[in-house]
Amino acid sequence: MAAMLLSLAACGESVVPPITVGMNPWVGYDPLVLARDRGLADAKQLRVVELASASETLRHLRNGLLDAATLTLDETLRLVDSGVPVRIVAVLDESTGGDAVLAAPRITSAAQLKGEFVAVEDSAVGALLLQRTLQKAGLTRADVKVTNIEVARHLEALLSGQAAAAVTYEPLAGAIEAAGFRRIFDSRELPGEILDVLVVRTDVLEQRPEAVDALLRAWYAGLDLFTRDLPGAAELLSRGTDLSPAAYQAVLGGLAFQSAGACAQELQGDPPPLVEKALIVAGALQSIGLLQRTPRWQELIDGAPMQRLQAGGKAP
């Protein structure tokens, strides 16, 4: 009888699905892939979904198909502005050259983009980088012919002459350069503006904090292995790109990962340091009509998961 009662009780237990996190191809997000592929994340707690582009990641998040996602800070600001209930729980890295504008060899400066077709993915980071590029050259968006093309098709658009330049990111930027196109602007000229962050839906934060903690543990476990064994990580992760392991390692020169300690500092305080950077980016987005209102940091940032992680001593 006791065994039967236990069996019936077990049948009544609800199965908790794993937290699903989405990401587009970008070396700055690869520690999560490494954590999954090296068994550092429990598949019962975490599901990592690789999507074709940032635009697709945003669509899946808006449609409720993802619980969490890796995004740029500017993409996050636009997402929150549109009413999608997510919060930043970690700052992952900063782009220090990994986002770039590549142009045909005949174009040697941003000023020569005037009147040209420029391929830009329909994302905030692409719009922000384009705006900054044009500002440097004394141009406006009206001076170029912007064509929305997903980043996976940028090389094709350049080779066919459909576009004279493309706003892109690594590892695709490296492949475009290798094909003979010229780098005329990149994120080294935008310190602190292009940050990668981890966002989680607010209902998941409230109802499944243990799942969010598992996600953060997986990220930092993957990042720890990534930094301790970079050659091994490059050997594994480069297989999903057009890059050799050596070229993959070279691409990493275009970003700087944040430690757990640095991340926790960014998210704590009143207001947290991240807010200052977010306000700069928000101002740039508002100036080009991509943001309607200045974000309220109380609705943007949740530092509690990082505090729990630090208190538990589970992150390097």
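Taken together, the values in this text are just the output of simple stated rules run on the coordinates, not laboratory data. Since this is a predicted model, take the numbers as computed values, not measurements. Positions of Cβ are backbone-derived with ideal geometry, glycine not excepted, and every protein chain shown enters the neighbour counts.
Here are a few things to note about the model shown:
- Taking ILE176, ILE288 and counting other C-beta atoms within 10 Å, the order from fewest to most: ILE288, ILE176
- Charge dipole (segment 45-151, unit charges on Cβ, about Cα centre) - positive-most of VAL91, VAL120, LEU73: VAL120
- Taking all Cα pairs closer than 8 Å and separated by 6 or more residues, the relative contact order of the chain comes to 27 percent.
- Hydrodynamic radius by Kirkwood, which averages 1/r over all alpha carbon pairs of segment 28-92, in angstrom: 12.8
- Residues GLU50, GLU206, GLU94, GLU150, sorted so that the one with the fewest Cβ neighbours within 10 Å comes first: GLU206, GLU50, GLU150, GLU94
- Anisotropy class of segment 173-316 from Cα gyration tensor, a/c 1.5 cut: oblate
- Calculated Rg and Dmax of segment 99-189 using C-alpha coordinates, Å: 11.2, 30
- Tensor-based shape of segment 270-316 (alpha-carbon gyration tensor, a/c under 1.5 rounded, otherwise prolate or oblate): prolate
- Under 29 Å, Cα to Cα: Lys pairs in the chain, sequence gap 8 or more or different chains: 6
- Measuring between their Cα centroids, segment 99-140 and segment 240-263 lie 24 Å from each other.
- Applied to segment 234-241, the Karplus parametrisation 6.51 cos²θ - 1.76 cosθ + 1.60 on θ = phi - 60° returns per-residue 3J(HN,Hα) values of 5, 4, 6, 6, 5, 5, x, 10 Hz, with x for Gly and Pro.
- Taking TRP219, TRP26 and counting other C-beta atoms within 10 Å, the order from fewest to most: TRP26, TRP219
- Summing +1 for each Lys or Arg and -1 for each Asp or Glu among the other residues whose beta-carbon sits under 14 angstrom from that of GLU266 gives -4.
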